[in-house]
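K.L.:
Could you have a look at this structure, given as structure tokens, before my questions?
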Amino acid sequence: MKKSIRRILPIAVFSAVAAFAQSHGFAFGHNGDNSNNGNGSSTQTTDPATLAAREVQFLTHLLDLTTGQQTQATTIFTNAITAKQALQTQLTTANTALVTAIKANNTANITTQATALGTLRGQTIAIDANASAAFYLLLTADQKTKLDSFANGGFLGKLLPGLGN
């Protein structure tokens, strides 16, 4: 079990890093120009296919993915992003209800909404983990070694203590 977590964790971390970069305008477009169209403002999208393509581009640069791997990874990540976006409305609704319950000191509803948020976040984690596992299966032994090295003492291991070893 611990070995499986060590194999999947680096991919999940890279997915999180890529998602963070995209949501903050750091993701590079197809031309490697940060997709700012030359006018200084980056364009952001919620389109699952576009987000997945950016993530696959990042992973391709990192791991030298083949065309076949890129195609399969794009499908995997597009499906995962679509599934996560479907949960977003429920997360927003539960979060709003939790804030309302807190302001009203409604302890029963606080527990209900916190439980709902926990379940929804758990589903999101499972979606990410399943996508990471499916992607990891696509990799060659050398690619897995390279990806694993980032969590075991690489820059991500230093950035996020506890990932290595």
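The values are calculated or read from the model by the stated rules, or taken from the named source; none is laboratory data. These figures come from a predicted structure and were not determined experimentally. Note that each Cβ is placed from the backbone with ideal geometry, even for glycine, and that neighbours are counted across all protein chains shown.
K.L.:
Between T82, T89, which is assigned to a helix (DSSP H, G or I), surrounded by 12 or more Cβ atoms within 10 Å (Cβ to Cβ) and among the hydroxyl-bearing types (S, T, Y)?
P.N.:
That would be T82, the only listed residue that is assigned to a helix (DSSP H, G or I), surrounded by 12 or more Cβ atoms within 10 Å (Cβ to Cβ) and among the hydroxyl-bearing types (S, T, Y).
K.L.:
So which pairs qualify, if the first residue must be in the stretch 90-114 and closer than 20 Å to T124 by Cα, the second must be of a type in the set (S, T, Y) and in a helix (DSSP H, G or I), the Cβ gap must be under 6 Å, and the two must be at least 6 apart or on different chains?
P.N.:
Filtered contacts from the stretch 90-114: no entries.
Residues are listed down the side, and each one gets a yes or a no for (1) modelled with pLDDT of 95 or more; (2) of a type in the set (S, T, N, Q):
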{"position": "L63", "(1), (2)": "no, no"}
{"position": "N79", "(1), (2)": "yes, yes"}
{"position": "N95", "(1), (2)": "yes, yes"}
{"position": "T115", "(1), (2)": "yes, yes"}
{"position": "T119", "(1), (2)": "yes, yes"}
{"position": "T124", "(1), (2)": "no, yes"}
{"position": "D128", "(1), (2)": "no, no"}
{"position": "S132", "(1), (2)": "no, yes"}
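K.L.:
Is it fair to say A141 is under 24 Å from T74 (Cα atoms) and in contact with a helix residue (DSSP H, G or I) (Cβ under 7 Å, 6 or more places away or on another chain)?
P.N.:
Judged against the criteria, A141 is not a match.
K.L.:
Going by the conditions given, is Q70 polar (S, T, N, Q) and modelled with pLDDT of 90 or more?
P.N.:
Here the answer is yes, as Q70 does meet what is asked.
K.L.:
Take the residues in the stretch 65-85 that are under 15 Å from the mean Cα position of the chain (by Cα) and among the small types (G, A, S), then tell me which one is nearest to A141 (Cα to Cα).
P.N.:
A73
K.L.:
Evaluate the following for A114: is it among the small types (G, A, S), out of contact with any Lys or Arg (no Cβ under 8 Å at 6 or more places or on another chain) and within 26 Å of F150 (Cα to Cα)?
P.N.:
Considered against the rule, which asks whether it is among the small types (G, A, S), out of contact with any Lys or Arg (no Cβ under 8 Å at 6 or more places or on another chain) and within 26 Å of F150 (Cα to Cα), A114 comes out as no.
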